[in-house]
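Below is one structure, written out as structure tokens; the observations come after it.
The values are calculated or read from the model by the stated rules, or taken from the named source; none is laboratory data. Everything quoted here is computed from the prediction, not taken from an experiment. Using ideal geometry, Cβ is built from the backbone for each residue, glycine included, and neighbour counts are taken over all protein chains shown.
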Amino acid sequence: MRVELSTSKVENLYRIFVDRIAAGTWPVGEHLPTEFELASELRCGRHTISQAITRLVHEGLVERRRKSGTRVISNTMRSETPNVELDAFAFIYPSDRHEGIWRTVNGFQQAAREAGRRVVTLTMGSDYEKEIELVLRLSEFDVKAAAIYPVIPSPEIQMRLSTLLMKSKFPMVLVDLNLPGLGRPSVVVDNFHAGYSMTRHLLESGLSRVGFLANQSWAPSVMERYRGFLWALEEKGKTVLPGDVLLESEMHPNFENPLNDSTGLTHRYLKKAPGVEGVVCSHDFLAQRLIRAAQSQGLQVPKDLRITGIDDLARNSTEEISLTTYHVPFEALGHQVFETLDVLSHKKDLPELETRVRGEVVIRESA
């Protein structure tokens with residue numbers, strides 16, 4: 001079978017799929033053939049198949065699952081037009097199980113309530129394909145503008161998101177991510193200041209040998225923290241030993257158990273940097289994992305090794321050793337995201353494309 005081009009490939013495919021669902025060829029509860037199988041049957045590209053299926057998802061006819069495929073959930077389409085004019089802002093984010101993200105969303109919603117603006121929140125977990133799909137469908141929702149807190153597990157996904165943002169004309173603000181050259185406004189943590197401040201704290205406490213540990217090291221936020229670390233060392237006339245820095249490129253987001261160290265990164269670091277006196281970790285979860293790894297190897301924190309994080313999450317208070325860290329004002333971050341989105345939705349000029357939100361050092365037991 002070959003699709004004839006009466007209006008568009010996507011429209012024709014969409015109609016074919018709707019007819020199959022209505023006729024019971026694809027009954028409710030059954031899975032659709034794979035995109036590869038459909039592309040082969042209908043003699044068209046997988047991307048075109050994917051776009052048609054996205055329309056089915058929007059109409060509430062099917063649901064997509066990353067591992068199990070696409071399943072028919074209804075044979076009745078939703079109304080073509082929304083019943084209520086929302087005049088809302090959308091916030092797309094990974095998971096409210098991550099405290100920092102939840103606090104950011106909370107700050108955003110609080111600012112929206114103060115302004116009398118409705119908010120639509122859309123979560124996608126760590127499923128970056130769903131994230132891409134939601135961004136593609138923004139114009140289908142009855143919202144005026146959107147804030148996006150991206151999940152980017154690899155440089156390849158970052159490139160896909162960048163390409164998508166360049167093509168889209170929908171008003172959007174990026175949260176805690178700046179992609180230079182796209183012309184998209186962003187609201188980010190002052191990550192350079194975070195890395196710089198934590199390194200200064202360790203150096204001013206009398207340490208001479210300070211290291212840096214990070215995963216997802218290619219991410220702009222992590223590299224900014226690392227640059228802050230290097231700048232603080234240079235200010236003090238210090239040099240860093242190559243073994244005292246470990247920049248791991250991989251990251252596997254785990255919102256259910258963020259302290260799980262499946263890659264053994266922290267143990268590898270301690271083996272790589274024997275004798276290091278203090279370590280700046282790129283985020284709190286990594287710092288807590290390093291504390292556990294150090295203790296398992298007989299090191300006392302902070303007597304033998306001082307460890308700091310960045311974020312200041314409440315979970316730190318439940319650990320045996322409270323974490324010295326950089327407090328990120330996530331609620332203020334969310335509030336600023338709303339303010340930026342509000343300016344953007346009124347088609348006003350922004351003073352700067354990037355807005356940085358700065359935090360402060362919080363001294364506890366670990367350093």
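Evaluate the stretch 211-218: report whether one residue or more is over 25 Å from residue 305 (Cα atoms), modelled with pLDDT under 95 and in a loop (DSSP other than H, G, I, E, B). Yes; the residues of the stretch 211-218 include at least one that is over 25 Å from residue 305 (Cα atoms), modelled with pLDDT under 95 and in a loop (DSSP other than H, G, I, E, B). Candidates in the stretch 183-234 are the residues that are touching a residue at least 60 places away in the same chain (Cβ under 8 Å) and among the aromatic types (Phe, Trp, Tyr); of these, the one that is farthest from residue 152 (Cα to Cα) is 212.
Scan the stretch 46-63 and report the pairs whose first residue is part of a loop (DSSP other than H, G, I, E, B) and whose second residue is small (Gly, Ala, Ser), with Cβ atoms within less than 6 Å and a gap of 6+ or a chain change. Qualifying pairs under 6 Å: 60/74; 61/74. Within the stretch 142-161, residues that are farther than 13 Å from residue 118 by Cα have Cβ atoms under 9 Å from residues that are among the β-branched types (Val, Ile, Thr) and in a loop (DSSP other than H, G, I, E, B) in these pairs: 157/151; 158/152; 161/152, counting only partners at least 6 apart in sequence or on another chain.
Summed over the stretch 318-353, the residues that are under 25 Å from the mean Cα position of the chain (by Cα), of a type in the set (A, V, I, L, M, F, W, C) and part of a loop (DSSP other than H, G, I, E, B) give a count of 4. Among the criteria (1) under 19 Å from residue 189 (Cβ atoms); (2) modelled with pLDDT under 90; (3) surrounded by 14 or more Cβ atoms within 10 Å (Cβ to Cβ), the one residue 334 does not fulfil is (2). Residue pairs whose Cβ atoms lie under 7 Å apart, sitting 6 or more positions apart in sequence or on different chains, and linking a residue in the stretch 87-109 that is within 18 Å of residue 311 (Cα to Cα) and of a type outside the set (Phe, Trp, Tyr) to a partner that is in a strand (DSSP E or B) and at pLDDT 90 or above, are 100/311; 104/175. Among the residues making up the stretch 31-51, those that are surrounded by 13 or more Cβ atoms within 10 Å (Cβ to Cβ) and either of a type in the set (Phe, Trp, Tyr) or within 11 Å of residue 70 (Cα to Cα) (or both) are 31, 32, 33, 34, 35, 50. Do we find that residue 356 is of a type outside the set (Val, Ile, Thr), within 16 Å of residue 225 (Cβ to Cβ), touching a strand residue (DSSP E or B) at 6+ places or on another chain (Cβ under 7 Å) and not in a helix (DSSP H, G or I) in this structure? So residue 356 fits the description; yes.
Every test in (1) within 17 Å of residue 344 (Cα to Cα); (2) buried (at least 20 other Cβ atoms within 10 Å of the Cβ) is passed by residue 165 save one, and that test is (2).
Against the test of being closer than 20 Å to residue 239 by Cα and surrounded by fewer than 22 Cβ atoms within 10 Å (Cβ to Cβ), the options 206, 195, 181, 211 yield a single qualifying residue, 206. Summed over the stretch 187-203, residues that are within 14 Å of residue 311 (Cβ to Cβ) and in a helix (DSSP H, G or I) total 6.
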